[in-house]
Amino acid sequence: MALTQWHEIRGKMSVALEVGVEAALLLEDIYYWVNHNREREHNFNDGYYWTVNSYQDFINRFPCFNIGKIKRLLARLRTAGFIEARQFRNYDPRDRSLWYRITEKTAQHYTSLAEATALQQQSNTNEYFQRQKSKMTNALVKSDSCTGQNRPMHRTKKHFPSILTNSTNIRAHTKKGASAPDISLGHCPTAFMAVEDEQLRSALQAFAAERNLHRKPISNQAATLLLIKLEKLAPQDINAQLEIINNSIINGWADFFPLPQSRNTNKENAADGHISPTRNLYEETLAKAAKLDATYGGNDNDLFTE
């Protein structure tokens, strides 16, 4: 077995141990298509190569999964820091397909250290610009070599548009005269970025991206209030906080809600410190019965005599 194959198998096993076998299979599919686009030099944005997939695309390749399963597995991979999801060039407002890329953490799991370094260097923006510049120079040289009537007009007047998106702000196409807000899935509030725990920060970034996808961006003040609420729901419990964030992402919620177990605990705590009106009425009835018993000496017939 070759050394690179051994690194690949060991990388897949380490991913499965961290996020599960099903999520590892989904990550392997994303890893394959990102490398496929890298070899063909397609879908290059913000210094990385991406692959675009809708939930239905994943189901077509994994018919054993349903949409809910796909959403949970993708949220798990994003929270663990194996992939990043954004939205590029989706001009139709109804098209919410996300673009996925692999992170440096995934590259380290799948390849050796030297291969991971080469993979990062290959996706460098300056190197990509250099290749595009070389292609344009060769095309211009061929165009200048033609003279007179034999010069092809499609070469001399060919326009070379830039296919690199320098900003993640994509304006959706709307009807004439109407304007649409800019979509910026890469924007994340400063309060979320200041979180020290890496997994918690990645989960909050995924939550912010989901809010931006639904055109409900989070302000920095709102993010601060959400962090305070998250700490109240699960004080100093990172695992519970991650589960709360994942539930909000999966269900499309715009807020954080307590876990079912936390709700039951809150109800029990409230019951300990609060006496219901029914209980008060019951105690008053017992007191009246004791008073009557003391007055008439336990003789029921005295109650009906004048």
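What follows is calculated from the coordinates using simple rules that are stated; it is not laboratory data. Since the model is a prediction, treat every value here as computed from it, not as a measurement. Counting neighbours? That spans all protein chains shown, and the Cβs are built from the backbone with ideal geometry, glycine included.
Which links in LYS71/LYS133; LYS69/LYS105; LYS12/LYS232; LYS69/LYS216; LYS12/LYS133; LYS12/LYS229 stretch past 28 Å when you go from one Cα to the other?
LYS71/LYS133; LYS12/LYS232; LYS12/LYS133; LYS12/LYS229
Calculate the spin-label point distance for ALA254 paired with LEU225, positioning each point 7 Å from the Cα along the beta-carbon direction, and give it in nanometres.
Using points 7 Å along Cα→Cβ, the separation is 1.2 nm.
Please turn the phi angles of the stretch 72-85 into ³J(HN,Hα) values with the Karplus equation 6.51 cos²θ - 1.76 cosθ + 1.60 (θ = phi - 60°), one per residue in order, whole Hz, x for glycine and proline.
Couplings: 5, 5, 5, 5, 5, 5, 5, 5, 6, x, 8, 9, 10, 10 Hz.
Amide H of PHE65 versus every other amide H placed in the peptide plane: which residues, excluding those fewer than 5 positions away on the same chain, fall under 5 Å?
Under 5 Å from the amide H of PHE65: no residue qualifies.
So for the pair GLU198, GLU104, with labels modelled 7 Å out along Cα→Cβ, what separation do we get in nm?
Those two pseudo-labels are separated by 0.9 nm.
Once the Cα gyration tensor of the stretch 190-258 is diagonalised, what are the square roots of 5 times its eigenvalues, in whole Å and ordered largest first, as equivalent ellipsoid semi-axes?
17, 13, 11
Give me the Kirkwood hydrodynamic radius of the stretch 6-85 in Å, from all C-alpha pairs, to one decimal place? Write down the numbers at each step before the final one.
Values: mean 1/r = 0.0750 Å⁻¹.
Over the stretch 6-85, the inverse of the mean reciprocal pair distance is 13.3 Å.
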